[in-house]
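> I have a structure I would like to understand better, so I am pasting it below and will then ask my questions one at a time.
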Amino acid sequence: MSALPDLTGLAAPRYRLAGARVPACLLPADLTADAALAVDAEGLARVDIEVEHGRLGRIAPAGHLPGEDGGRKDVAGGSASGDTPAGDEALPRIALDGRLVLPGLVDAHTHLDKAFIWSRAPNPDGSFQAAIAAASADAAANWSAADLRRRMDFALRCAHAHGTVALRSHLDSFGAQTDISWGVFAELRAEWAGRVAIQGVSLCTIDMAADPEALAPVVAAVRRHGGVLGAFLYPSPNLAAGLEALFDAAERHGLDLDFHADETDDPAAQGLLAIARLANRRRFGGRLLVGHCCSLAAQDAAQVDRTLDEAARAGLAVVSLPLCNLYLQDRTPGRTPRWRGVTLVHEMKARGIEVMVASDNVRDPFYPHGDFDMIEIWREASRILHLDHPVADWPRIVGAAPAKVLGLDAGRLRSGGPADLVITGARSIHGLFARPGTPRLVVRGGRPSEARAPNLAELEKEIARP
Ligand SMILES: [Zn+2]
């Protein structure tokens, strides 16, 4: 039932994908306004998509491109791009028979430098404090350039095989580690260009940010490597000074900002409010992304309203990391967790705040599971955050929304856009989620990708403690 069709035609430079189901929210507005476009209860539209020389060509309601039986000649509006040379000529046709097709996926918040250390640095009790201790000890003992390169490259191979086209990674930027990690990051960014676009964010503490001597080398690394400036926020007497220093540096050097904030159930954690207020006061003009924001779910309604109103006014975006939150939040030995640990994405979206979800940690002391698979993140986020009644435009959270915040042309289906697709064997979103083993074919620049997720056993042998 959920097999892929015959896709040998994808090897051709030009072809037509006939009868694809795609999230209507990822199509251009003129196409969604087309009366011929049928949209089902999950928000999926049946379309034909042309691919020409690595880019998407015309996209039209199924059966309505020239050359389709019974099709009309007047393809709707701008979706029938005049700059494709096909004219009325029919391209080789690949029948998808209603299978779900997604644009390339975007993972806006990861930690490549920590990925896959679990086998040598497990979390003894699943707590946040133990995770920090285990990761710090592993960094001190093992994070050479060679070790980082092996694990980060392995992580990118996973993400690439699963259909991710762009990924942002936070990089621990403490002391001597800063230059080692950013150096490896820069090499891998160059090597992976054209396959996975990688962005780097500095990760230091808000106390470091408040100390000019500690912050200077972090800002220098970010500037040297074209990165994003970021820090980890928690209740601290240095919070205000640290934020001021980060905004100062960002404004002075034209940097975007990306924070970890309020990753706790402590209602006193109000980092998001502090960030939003400062961005509003300073009229910050850069892109601003804030991750986690878990404590909002533990605060009273008035406080939530105050924070979200400020956040909406600041134009900042929020990335929820639901799988790591489920693992780390509300964990007490012998006690069943009572809350999900996630932030208020529905309330944010209702205010016009751009929200998205991402992987966060993978197979490290902060989260022993995961595989840099954004379909898994979408599936689990849909269950945890109730992104399903209706599905509406929630599919934006794994592509279009993060792409906008990362400043990338990805995550949407538009004529002239990149032909980076994930063709699934499922015919519905529920079908895709119900069977995690549903086959998928990743298409890169119009061509089928042969990339497969690498074997974890090989990596674990390579990175084992000597
Ligand atoms: Zn994180």
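The values are calculated or read from the model by the stated rules, or taken from the named source; none is laboratory data. Please read all numbers here as calculations on a predicted model, not as lab measurements. Note that we place each Cβ from the backbone using ideal geometry, even for glycine, and neighbour counts take in every protein chain shown. Accessible surface is based on the protein model in full, side chains and every heavy atom, while ligands, DNA and RNA are left aside. Shrake-Rupley method; radii C 1.70, N 1.55, O 1.52, S 1.80 Å.
> Return the residue satisfying two criteria in turn: it lies in segment 34-49 and is within 28 Å of the chain's Cα centre (by Cα) and hydrophobic (A, V, I, L, M, F, W, C), and of such residues it is farthest from residue 432 (Cα to Cα).
49
> To continue, here is another question. Please return the ranges of helices (runs of 4 or more DSSP H) entirely within segment 397-466 where 2 or more residues are assigned by TED's automatic domain parsing to the domain that holds residue 379 and open to solvent by less than 50 Å² (accessible area, probe 1.4 Å).
Result: 400-406.
> Take the residues in segment 362-373 that are open to solvent by less than 10 Å² (accessible area, probe 1.4 Å) and within 13 Å of the ligand (Cβ to nearest atom), then tell me which one is nearest to the chain's Cα centre (by Cα).
Here the residue is 362.
Here's the yes/no breakdown for (1) crowded, with 19+ Cβ neighbours inside 10 Å; (2) under 18 Å from residue 110 (Cα atoms); (3) modelled with pLDDT of 95 or more:
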{"position": "182", "(1), (2), (3)": "yes, yes, yes"}
{"position": "187", "(1), (2), (3)": "no, yes, yes"}
{"position": "202", "(1), (2), (3)": "yes, yes, yes"}
{"position": "209", "(1), (2), (3)": "yes, no, yes"}
{"position": "240", "(1), (2), (3)": "no, no, yes"}
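> Right, another one. Count, please, the residues in segment 374-387 that happen to be open to solvent by 10 Å² or more (accessible area, probe 1.4 Å) and within 15 Å of the ligand (Cβ to nearest atom).
Final tally of qualifying residues: 0.
> Which one is nearest to the ligand (Cβ to nearest atom) among residues in segment 223-238 that are open to solvent by less than 30 Å² (accessible area, probe 1.4 Å) and without any contact (Cβ under 8 Å) to a residue 40 or more places away in the chain?
My answer is 231.
> For segment 134-154, which positions are of a type outside the set (Phe, Trp, Tyr) and under 23 Å from the mean Cα position of the chain (by Cα)?
Answer for segment 134-154, where residues must be of a type outside the set (Phe, Trp, Tyr) and under 23 Å from the mean Cα position of the chain (by Cα): 135, 148, 149, 150, 151, 152, 153.
> Separate question: Checking the conditions here, which among 264, 307 is touching a residue at least 24 places away in the same chain (Cβ under 8 Å), open to solvent by 20 Å² or more (accessible area, probe 1.4 Å) and among the hydroxyl-bearing types (Ser, Thr, Tyr)? Before the answer, list the steps.
On the way: 307 fails: open to solvent by 20 Å² or more (accessible area, probe 1.4 Å).
Unique residue meeting the criteria: 264.
> As an exercise: evaluate residue 194 against (1) within 16 Å of the ligand (Cβ to nearest atom); (2) surrounded by fewer than 19 Cβ atoms within 10 Å (Cβ to Cβ) and give the number of the one condition it does not meet.
Among (1) within 16 Å of the ligand (Cβ to nearest atom); (2) surrounded by fewer than 19 Cβ atoms within 10 Å (Cβ to Cβ), residue 194 violates only (1).
> Could you count how many residues in segment 165-208 are hydrophobic (A, V, I, L, M, F, W, C) and over 16 Å from residue 232 (Cα atoms)?
16
> Could you please let me know if residue 149 is charged (D, E, K, R), in the same structural domain as residue 219 (by TED's automatic domain parsing), more than 16 Å from the ligand (Cβ to nearest atom) and in a helix (DSSP H, G or I)? Spell out how you get there, then give the answer.
Details: charged (D, E, K, R): yes; in the same structural domain as residue 219 (by TED's automatic domain parsing): yes; more than 16 Å from the ligand (Cβ to nearest atom): yes; in a helix (DSSP H, G or I): yes.
Considered against the rule, which asks whether it is charged (D, E, K, R), in the same structural domain as residue 219 (by TED's automatic domain parsing), more than 16 Å from the ligand (Cβ to nearest atom) and in a helix (DSSP H, G or I), residue 149 comes out as yes.
> Here's something else I'd like to know. Determine which member of the set 358, 269 is open to solvent by less than 10 Å² (accessible area, probe 1.4 Å), aliphatic (A, V, I, L, M), within 17 Å of residue 381 (Cα to Cα) and within 16 Å of the ligand (Cβ to nearest atom).
On inspection, the qualifying residue turns out to be 358.
> Hey, can you tell me all the residues within segment 246-261 that are out of contact with any helix residue (DSSP H, G or I) (no Cβ under 8 Å at 6 or more places or on another chain) and either open to solvent by 40 Å² or more (accessible area, probe 1.4 Å) or outside the structural domain of residue 308 (by TED's automatic domain parsing) (or both)?
If the condition is that a residue be out of contact with any helix residue (DSSP H, G or I) (no Cβ under 8 Å at 6 or more places or on another chain) and either open to solvent by 40 Å² or more (accessible area, probe 1.4 Å) or outside the structural domain of residue 308 (by TED's automatic domain parsing) (or both), then 248, 252, 254 are the ones that fit.
> Then there is this: Looking only at segment 102-120, filter to residues that are within 15 Å of the ligand (Cβ to nearest atom) and assigned to a loop (DSSP other than H, G, I, E, B); which one of those is surrounded by the most Cβ atoms within 10 Å (Cβ to Cβ)?
114
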